[in-house]
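Everything on this sheet refers to the single structure shown next.
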Amino acid sequence: MSEPRDSLFEAPPMADQERMVEAILFATAEPVTVPQLAGRMPHGCDPAAALALVRKRFAGRGVHLVRVGEAWAFRTAPDLGFLMSDETVETRKLSRAAIETLAIVAYHQPATRAEIEEIRGVSVSRGTLDQLIELDWIRLGRRRMTPGRPVTFIVTQHFLDHFGLESARDLPGLKELRAAGLLDSRPVPGTESEDTDQDGQDDLFEDDA
C-alpha cells in the first residue's frame, strides 16, 4: 500500500487562510471563536495567525475586526457609528430596577442574588433576573463555595458585543452610561425609600414617555 501524499495534509497558504477567516466572519451573525474557526477550516490551518493578518488589514477601514470576549467579529469603526444611527430604533427602555441589576452584575460579577440585593438595598424579583437571562444580557455563573452554594450571575458575550466591549474590564463609567441612555440622573440605588422591585414584565420594561 502506498503512503499518502504529504500534500493531502498540507495546510493552504496563509493568504488563503486569511481569506477563509474573512469569509467566515462576514457570513456569521454571531462572533466566532478560534476553535470554531479551526473546526471549519482545513486541517493544519492556523486561524489565530490568519485572524491577526485580517485584523491588521482592516485597521483604519470602515469596519474593524474586534475581539468580543473569547470570540471575534467585524464591527463598524467607532468613528463611523453615527452613520448607522438611522438603523437603530429604540421603542422601550429597561426599567430602573433592571438597569441597576444589570449594572451590578456587570461591575461586580460574579454576583449572587443576595449580593445584588445588598448593593441595591432592596429585594430583586425573580422576574427581573429571568427576563435579563431571556434577553441574553446575563447568565448563570459558577456556584459559590459557601453555605447553600448560591448561584452567581455574570454578563454574556451578547452583552459585551452589543456595547462593543472586549471584556467586562472595558465597561464605561457613569458618564458614558448616561450618555448612552442606560442611566438617568436619578439617585443611585439605596437612596430612595420608594424604590421597589415587582415581579413581571412591567418591572423589566417601561414604555417611553
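Values as computed for the structure displayed
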| item | result |
| --- | --- |
| Volume of the Cα convex hull of segment 63-155, divided per residue and given in Å³ | 132 |
| Hz values of 3J(HN,Hα) by residue in segment 131-136 - Karplus curve (6.51, -1.76, 1.60), Gly and Pro given as x | 5, 5, 5, 5, 6, 6 |
| Sequence ranges 127-136, 141-150, ranked by mean other-Cβ count within 10 angstrom, highest first | 127-136, 141-150 |
| Rounded to the nearest 10 Å², the accessible area of PHE159 at probe 1.4 Å | 10 |
| Under the Karplus curve 6.51 cos²θ - 1.76 cosθ + 1.60, θ = phi - 60°, whole-Hz ³J(HN,Hα) for segment 67-84, x wherever Gly or Pro sits | 8, 10, x, 9, 10, 9, 7, 7, 9, 4, 4, x, 6, 10, x, 4, 5, 8 |
| Built amide H within the under 5 Å cut-off of ILE138, gap 5+ | ILE133, THR156 |
| For ILE154, net neighbour charge (Lys/Arg +1, Asp/Glu -1) across residues whose Cβ lies under 11 Å away | +2 |
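The values are calculated or read from the model by the stated rules, or taken from the named source; none is laboratory data. Because the structure is predicted, anything quoted here is derived from the model rather than measured. Please note: Cβ atoms are built from the backbone with ideal geometry, for glycine as well, and neighbour counts cover all protein chains shown. All accessible areas refer to the heavy atoms of the entire protein, side chains included, with ligands and DNA or RNA removed. Shrake-Rupley method; radii C 1.70, N 1.55, O 1.52, S 1.80 Å.
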